[in-house]
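Worksheet for the structure shown next.
Values quoted throughout were computed directly from the atomic coordinates according to the rules given, and no laboratory measurement underlies them. All values derive from a computational prediction rather than experimental measurement. Every residue, glycine as well, gets a Cβ built from its backbone with ideal geometry; the counts of neighbours run over all protein chains shown.
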Amino acid sequence: MKELRFYYDNLSEPNCMPNDMGVTFGNYGFMVTRATGIKNFEKIQKDFKITFTKDRSKKYFYLVEPQGMYTEVIQSLTTLINKDVLKDMKNNKAILCICYIQEGDYHKDFYKDINKFCDDTSISINNVIFLTNNPKIEKTKNIFNVNYYLNHMTVTYQNNSDRYNSIENLNDDNVRPHYFLSLNRNPKLHRQVLGSLLLKNNLLDKGMMSMGYDVDGIHKFDNYVPTDFNRKTPIYSEEKIKELDLHRHISEFKNMCPLLIDDDVEDLRDDHTLGWINIHPKTYNKAYFSIIAGNSFDTPWLHPDEKFWKPLGQFHPFIWVGPTGGMQHLKDMGFKSFSPYIDESYDTEEDCEKRMLMIVNEIKRLCNMNKEEIHEWYYSMQDILIYNWKRIVENNINPFYELYNKLFNLVK
């Protein structure tokens, strides 16, 4: 049996507690438990011995799981990790494991910061590993991509039959009242731009869109100011901003928020439970497709979280409003995309302004169909919808087994 040893300063708490730099750490889904699927758990239990320990006599992993977006995590480690553990890393007796599988992002200076950390501490880069949910990251023997959210969405559906749709609902041939569904919590810059462009094109009343469950959150992002999630606004050229009259439309859109969908309003206000718990097939059954606005738009990293995978259990085709490569990643994971029913050429367009306008034009094309046409369009891809539904609801998708083998090979 392959043993993986994880050292904890305090076995009842995560490694690295919050410090004056505001860095917080928590426990996420890195450790395989029954919550990651009983079959996954049993397979890991059969082949691996997972040991949580304060014993440093054998080579071990020192696991840190940053909570929230990467900010000053690396530069904080020398103050947060005790000196004995740092010494073990330096002497090749321990491996630092920075686990970011609950996030897809990494800071633009990540590689520079991690190399500086190794130089400052005389720790070999071979004794630092980085785990992320970002499938576009440059992979090495010490940098791994883990499809954390795909696993969790699959298990959520498998363990809760009321949260995924049924074949009976797919066979319901009634015309649906709405064209699209777009669930948005935090009013991030690209989501505001998307809503503003839908408003400009008279498309908002064609579908159901939520935005800004927290009224104060609407003003969290100022117009056209880049954030950690966007290096620049999706519509960035002054000429295009003027042509679209975007300042006026984004101001009008903000004044309309918060936008809440009539179904289960209190559920939609809840930032946390909306993702995993309050999933209502009846809401999806009122529309023909979803518009999924990811955590970022103009970034080199891709974060396919629960929003990305959720529509597959609802027989919903979707348009991805996020970084390039989202639809390709869907196919890489064994699912089918929705081309040619949806023009997915936007997925390879690197210019964020062109990509956003291509996305809006495709939404406009679909919403310009009459109800009979969109109804026929939807059912013409029924085989794709059923295939994706079966894969996410019925398959045992385990991203951890390969990862654990890679970790074992580093310490054996």
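Okay, here's what the table says:
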item: Sequence of 299, 140 once ranked by neighbouring C-beta atoms within 10 Å, starting from the fewest; result: 140, 299
item: Kyte-Doolittle mean at least -1.0 and Cα axial length at least 20 Å: DSSP H helices in the chain; result: 352-367
item: Largest-first principal axis extents, alpha carbons of segment 156-394, Å; result: 49, 37, 35
item: Partners for residue 54 among lysines (Cα-Cα distance below 22 Å; same-chain residues under 8 apart left out); result: 2, 83, 87, 90, 93, 412
item: Among beta bridges that DSSP assigns inside segment 156-394, antiparallel share in %, nearest 5; result: 20 percent
item: 20 Å binning of all Cα-Cα separations within the chain, expressed as whole percents from 0 upward; result: 25, 54, 21, 1
item: Sequence of 345, 337 once ranked by neighbouring C-beta atoms within 10 Å, starting from the fewest; result: 345, 337
item: Amide proton proximity set for residue 208, modelled H, under 5 Å, gap of 5+; result: 180, 181, 182
item: FRET efficiency estimate (nearest 0.05) - Cβ-Cβ, residue 405 to residue 286, R0 35 angstrom; result: 0.20
